[in-house]
Amino acid sequence: MPNTVSPNPSDPTIAASDALYKRGIRVIPGATHTLAKGAGQYVRGVAPKFVQRGRGGRVWDVDGNEYLDMTMGVGPIVLGYAEPAVDAAIRAQLEDGISFSQTHPLEVEVAERVAALVPGAEMVRFGKNGCDVTTAAVRVARAFTGRSKVLCCGYHGWHDWYISVTDRNRGVPAAVADLTHTIAYNDLASVEDALDDDTACVILEPVTFEEPRPGFLAGLKRLCEERGALLIFDEMWTGFRLALGGAQERFGVTADLACFSKAIANGMPLSVLTGRADVMRLFEREVFFFTTFGGEALSLAAAAATMRELEVRRVPERLDRLGGELRDGYNALVAELGLTFTKCVGYGCRSLVTFSAVGVAASADPLVMKSFVQQELVRHGVLWTGFHNLCAAHEASDVAYLLGAYRAILPALGRALEEGRLPQALRGEPVEPVFRRTTNFHVKPQPKVVKAHG
Ligand SMILES: Cc1ncc(COP(=O)(O)O)c(C=O)c1O
């Protein structure tokens, strides 16, 4: 019998998952195309590796086990899997075609809709992946300012200009890497320090899990204006989740350019660059950003339907409320249980459970703590990587179920830590570090030290 969303007596059968992984690793480097979905993010031997289908806030793995999904496709699924209104729009468009030989009316209609919802969206360009539009934003900022350097904070995709600041930077020429530097979030002084006459732009996620300090985002905008650099918000996660108009609406600060993807099309591949018309007009000729699938109509139809549903059903407000209850419920639970090594941080639409080596966990590895919680949640029929990426299909009963599961699991984690037997309590291999949390993520690769001789 496959596992369901309930306290199951044993771990799920994952034979079909393991068999697919064995095939996949032979033909696909790492057996995945999205790092955050890969086998390394799940306890090997316990958690499934391949998901077959989804509906609402639930998914079924290839062995037929059912899970309450808390990752939601790593962000895009904001309404729910197999959302009827969006799927109907995709089907209707499919009847008429997918990609065409001339521009499609949906390109104009969806651009107008985005312009109406997103503050500062005087003009709009579409791409497919998040990194299409962050990279286009950086290029147009360089063209507009005539400058070269980029300051960034957060994750912005796989392209050379950005990935050079991480420890997965092989293959990026030094000449490119030397132009990008990182800044510290909520630290205006670090930006002031780094901004110079050759800085084209500051690009950052306006918020992740730490609240922006009062005046931080407005201060950034002022500083960029004063120094002649453009401010770019990377709203991959905040767009259409934190508010319909994203972080710009929520915090009342409008950047020069803003980048969106993920939630705008409920799972279809679409990304969006918005911003000042005087900057965006450079894309007409001087700055080249065109791509075959930019006007692909199924994704645009999905985006039109998704934006409509988000607005009519006031989804961002719902996510804020329900997700806020989940975050606060988690923190109240760990306070009641006297567990100081874990907490839940972030916003209703996206929060994160963190673990740290304090108290009884002083000598424990936070990744092993996270792995223990994940393996026990798998047994409860919850697919979880530490995030609560809520969607509109998640119900109050799902939040109550998850909090009940935490209530059953966290005391066992506390006991295993106290008794020093956490590693033995794991039934599989622990999860690997999330890419963005590698220790030198925000550090420029160190230049090779050239020793002076003689
Ligand atoms: C904040 C942020 N920016 C950019 C990207 C890159 O988007 P994509 O993977 O679609 O290229 C991501 C992806 O997760 C992201 O989280």
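Only sites in a loop by DSSP and with at most 12 other Cβ atoms within 10 Å count here; which trypsin sites (Lys or Arg not before Pro) in the range 128-237 make the cut?
Details: sites: LYS128, ARG139, ARG142, ARG147, LYS149, ARG168, ARG170, LYS221, ARG222, ARG227; in loops: LYS128, ARG147, ARG168, ARG170.
Counting only loop positions with at most 12 other Cβ atoms within 10 Å, the trypsin sites (Lys or Arg not before Pro) in the range 128-237 are ARG170.
In sequence order, the range 68-79 has phi-based couplings of 7, 9, 10, 9, 6, x, 6, x, x, 7, 8, 9 Hz under the Karplus curve 6.51 cos²θ - 1.76 cosθ + 1.60, θ = phi - 60°, and Gly or Pro positions carry x. When each of ILE90, ILE77 is scored by the number of other beta-carbon atoms lying within 10 Å, the sequence from fewest to most is ILE90, ILE77.
Mean separation of Cα pairs under 8 Å and 6 or more residues apart, divided by the residue count, gives the chain a relative contact order of 23 percent. Largest first and in whole Å, the equivalent-ellipsoid semi-axes of the range 57-106 read 30, 12, 10, each the square root of five times a Cα gyration tensor eigenvalue.
Using Cα pairs under 8 angstrom and six or more residues apart, how large is the relative contact order of the range 111-192, in percent? Could you put the intermediate results ahead of the total?
Details: 67 pairs, mean separation 18.7, N = 82.
With pairs under 8 Å counted, the relative contact order is 23 percent.
One Cα centroid belongs to the range 313-360, the other to the range 164-242; the line between them spans 27 Å. What is the sum of charges around GLU112, taking Lys and Arg as +1, Asp and Glu as -1, for the other residues whose C-beta is under 15 Å from the C-beta of GLU112? Local charge sum for GLU112: -1. Between the range 22-71 and the range 404-436, the alpha-carbon centres lie 20 Å apart.
Select from the range 81-139 those chymotrypsin sites (Phe, Trp or Tyr not before Pro) which occupy a DSSP coil region and have at most 13 other Cβ atoms within 10 Å, ordered by residue number.
Values: sites: TYR81, PHE100, PHE126; in loops: PHE100.
Sparse-neighbourhood loop chymotrypsin sites (Phe, Trp or Tyr not before Pro): PHE100.
For the residues CYS391, CYS344, what sequence is obtained by ranking on other C-beta atoms within 10 Å, fewest first? Show your work: numbers first, answer last.
Numbers: CYS391 27, CYS344 22.
Listing CYS391, CYS344 from fewest to most nearby Cβ atoms yields CYS344, CYS391.
Can you give the extra length, in nm with one decimal, that the chain gains between THR34 and ARG168 once fully stretched, where that is 0.36 nm per residue apart less the Cα-Cα distance? Mind dumping the intermediate values first?
Details: separation 134, 0.36 × 134 = 48.24 nm, distance 1.47 nm.
Gain in length upon complete extension: 46.8 nm.
The value given for the range 357-419 is a Kirkwood hydrodynamic radius of 12.7 Å, derived from the mean inverse Cα-Cα separation. Along its principal axes, the chain has C-alpha extents of 75, 62, 46 angstrom, given from the largest down. Shown for VAL287, VAL373: other C-beta atoms within 10 Å of each C-beta, ranked fewest to most, produce the order VAL287, VAL373.
In whole percent, what relative contact order does the range 121-257 give with Cα contacts below 8 Å and a gap of six or more residues?
Values: 190 pairs, mean separation 32.6, N = 137.
This gives 24 percent for the range 121-257.
Of the cross-linked pairs LYS37/LYS128; LYS128/LYS343; LYS37/LYS262; LYS149/LYS343; LYS37/LYS343; LYS149/LYS221, those separated by over 26 Å at the C-alpha level are LYS128/LYS343; LYS149/LYS343. Membrane-span-like helices of the chain, defined as complete DSSP H segments with a Cα extent of 27 Å or more along the helix axis and a mean Kyte hydropathy of at least -0.5, are identified as 315-337, 396-418. From most to least packed by mean Cβ count within 10 Å, the peptides 232-241, 358-367 give 232-241, 358-367. VAL382 sits among other residues whose Cβ lies under 11 Å from its own Cβ, and their net charge, with Lys and Arg +1 and Asp and Glu -1, is -2.
Quickly estimate the mean residue ellipticity at 222 nm for the chain, helices only: each DSSP H run with n ≥ 4 gives -39500 (n - 2.57), and the total goes over all residues, rounded to 500. Each step should come with its number before you reach the end.
Values: 15 runs with 172 residues, N = 454.
It lands at -11500 deg cm²/dmol.
Using the Cβ atoms and a cut-off under 10 Å, what net charge is assigned to the surroundings of ASN3, where Lys and Arg are +1 and Asp and Glu are -1? Net charge around ASN3: -3.
Every read-out reported here was derived from the displayed coordinates using simple, explicitly stated rules and does not represent laboratory data. These figures come from a predicted structure and were not determined experimentally. Here Cβ is always computed from backbone atoms with ideal geometry, including for glycine, and neighbour counts include all displayed protein chains.
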